[in-house]
1. Kindly evaluate residue 111 against the criterion of being in contact with a strand residue (DSSP E or B) (Cβ under 7 Å, 6 or more places away or on another chain), surrounded by 18 or more Cβ atoms within 10 Å (Cβ to Cβ) and more than 28 Å from residue 58 (Cα to Cα).
2. Answer yes if at least one residue in the range 15-31 is modelled with pLDDT under 95 and either under 15 Å from the mean Cα position of the chain (by Cα) or within 29 Å of residue 127 (Cβ to Cβ) (or both), and no otherwise.
3. Does the range 110-125 contain at least one residue that is basic (Lys, Arg) and within 17 Å of the chain's Cα centre (by Cα)?
4. Can you name the number of the only condition in (1) touching a residue at least 24 places away in the same chain (Cβ under 8 Å); (2) crowded, with 23+ Cβ neighbours inside 10 Å that residue 199 fails?
Amino acid sequence: MAPALKIAPSLLSCDFANIQREVEAIEAAGADLLHVDVMDAHFVPNLTIGPPVVAAIKRVARRPLDCHLMMTDPQRYVAEFAKAGAGYLTIHVESHAPIAETLAAIRAAGVKPGLVLNPETPVEAAEPWLKQIDLLLVMSVWPGFGGQKFIKPVLETVRKARRLAPDLDIEIDGGINAETAKEAVAAGANVLVAGSYVFSGDYAQRIRSLR
């Protein structure tokens, strides 16, 4: 049986001009984690937030910050994001990072380490490190921008991951709504990232619909 279901709204879709209000509102609505998309404009063609903004979010957040590092060289920033208050740091297997060493550095910094797979990357690419991580994130859209359509073939990646790691938190991110969430959970995902779906409606109602 998969671990308990968790909902991780993506703050990329919130109103950044009112970040404290948004964090408080989404937590009151039932968020279990706060998903923070960190993009370096190199690994993906977009640039978002860095450690100073993560630190500002951490000052008002009560839920763990699930920081997804869409970066070419995430190993260079582990200490900064740990100091800023990240609860999880997930790095892409497709990055330039030395995977084992970076995961060990994340854990040594007191943060839960995770790996991320792009939609076309097989689960076997992460298999050597499954016992080193607390979270495996399977992307169901191409990373870089919100609001994309769910890529259904990634459900097979989730199924394989769940067979390989029955007790691991398996997260899915991209195009998640009430319909695709059902498919993702049936495949074995237990952490649902949803940005535009949650933040474009009544937060509590949208989170309930995902559960």
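The values are calculated or read from the model by the stated rules, or taken from the named source; none is laboratory data. What you are looking at is a predicted structure, and each value in this text was computed from that prediction instead of being measured. Here the Cβ is made from the backbone with ideal geometry for all residues, glycine too, and neighbour counts use every protein chain on show.
1. Working: in contact with a strand residue (DSSP E or B) (Cβ under 7 Å, 6 or more places away or on another chain): yes; surrounded by 18 or more Cβ atoms within 10 Å (Cβ to Cβ): yes; more than 28 Å from residue 58 (Cα to Cα): no.
When the stated conditions are applied, residue 111 does not pass them.
2. No, the conditions are met nowhere in the range 15-31.
3. So the first thing to find is which residues in the range 110-125 are basic (Lys, Arg), and the list is 112.
With the extra rule that they be within 17 Å of the chain's Cα centre (by Cα), the set shrinks to 112.
Yes, the conditions are met somewhere in the range 110-125.
4. Answer for residue 199: the failing condition is (2).
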